[in-house]
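None of the figures in this text is laboratory data; all of them are computed from the coordinates on show. Here the structure is a predicted model, which means the values were calculated and not measured. Note that we place each Cβ from the backbone using ideal geometry, even for glycine, and neighbour counts take in every protein chain shown.
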Amino acid sequence: GIQVEQSPPDLILQEGANSTLRCNFSDSVNNLQWFHQNPWGQLINLFYIPSGTKQNGRLSATTVATERYSLLYISSSQTTDSGVYFCAVATNAGKSTFGDGTTLTVKP
Amino acid sequence: DTEVTQTPKHLVMGMTNKKSLKCEQHMGHRAMYWYKQKAKKPPELMFVYSYEKLSINESVPSRFSPECPNSSLLNLHLHALQPEDSALYLCASAALLQETQYFGPGTRLLVL
C-alpha cells in the first residue's frame, strides 16, 4: 500500500515562531488532507489540497503532486496551535492512509 | 453545517458484551468511514461505505460488524471484543469518496 511519511515527528516552538511541516507519499493520490488533532481527540480539517496552494489565516499548504510531497506552513504560532498534525492521502478507491503525524508544542 | 456526531462519547464493556457505536451526519454525504486510533498512533481505516454499500473492509476481525441502515447513519456493532481493541473509534463522512472527510469527535472504548 501507499506509504506516508511526515517530518519532523516532534517540533517545539516559542510563541510567534514560524514552522514548516512536511508530508511525503510514495504513489499518486487523488486526495490529500491536513488535519489538526486537538488534545480531546477531535480531528479538525485544515486543508483539502490534492495539488496547488491554499491559505487560511496563519496557515497555508502547498502540494506538489508530481513530486509527491505536501507542506503545511504555520506562521506566528500560538499556544492553541499545539497538538498533532496529520497528513492523510487517499487513492481513487477511497482508501485513506494517515502519516504518523507531527506533534507540535508551542510554548508561551 | 459540517457536523458529524458520535454516540456514546465513552464506553466501557466486558469481553462478553455486545454494544454498538453510532455515527450520524445530515450533510447529505454519501461516503462514510470508520477508523480506529490507538494512543499516540495515527487513525487506521477500518471500513468505508459508499452509497450505503460497503466498499472497503480493511481485513477487520469479524467481532466488528459495520452497518449503514440509511444515508445519514452508520453503526459499528461490537461483540466479544478483546482488551487490545480499546481505542478511540472515529467516524467520518464525505460528500463522495476521495472528497474532503469530516470527522466526528470519536468514541473512547475501553474493553475490560
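Viscosity 0.692 mPa s, temperature 37 °C: Stokes-Einstein D of chain B from its Kirkwood Cα radius, in µm² per second?
236 µm²/s
How many nm is it between the label spots at A:THR20 and B:ARG30, if each spot is 7 Å from the Cα in line with the beta carbon?
Computed distance between label sites A:THR20 and B:ARG30 equals 4.0 nm.
Using r as the Cβ-Cβ distance of B:THR7 and B:LEU96, and R0 as 22 Å, what FRET efficiency do you calculate, to the nearest 0.05?
0.30
Tell me which residues come under 5 Å, amide H to amide H, from B:ILE56 once H is placed; ignore anything under 5 positions away on its chain.
B:VAL48
For the stretch A:4-107, just the Cα set please: Rg and Dmax, both in angstrom.
Calculated on Cα positions, Rg and Dmax stand at 13.0, 41 Å.
Given H placed 1.01 Å from N in the peptide plane, which residues other than close sequence neighbours of B:MET15 have an amide H under 5 Å from its amide H?
B:LEU112
Per the Debye formula with a single identical scatterer at each Cα and no solvent contribution, what log10 I(q)/I(0) holds for the stretch A:52-103 at q = 0.18, 0.32 Å⁻¹?
So the normalised log intensities work out to -0.72, -1.26.
Taking the Cα atoms of the protein assembly as shown, report the difference between the largest and smallest coordinate on each principal axis, in whole Å and largest first.
50, 36, 33
Using alpha carbon centroids, what distance separates the stretch B:11-85 and the stretch A:24-73, in Å?
Measuring centre to centre over Cα atoms gives 25 Å.
In sequence order, what are the phi-derived ³J(HN,Hα) couplings for the stretch B:74-82 according to the Karplus relation 6.51 cos²θ - 1.76 cosθ + 1.60 with θ = phi - 60°, rounded to whole Hz, with x for glycine and proline?
9, 10, 10, 8, 10, 8, 6, 6, 10
PRE reach from A:ASN45 (point 7 Å along Cα→Cβ): which of the stretch B:28-67 fall under 14 Å by backbone N?
Answer for this model: B:28-33.
For A:SER7 and B:ASN17, what is the calculated FRET efficiency with R₀ set at 35 Å and r taken between the beta-carbons, to the nearest 0.05?
0.25
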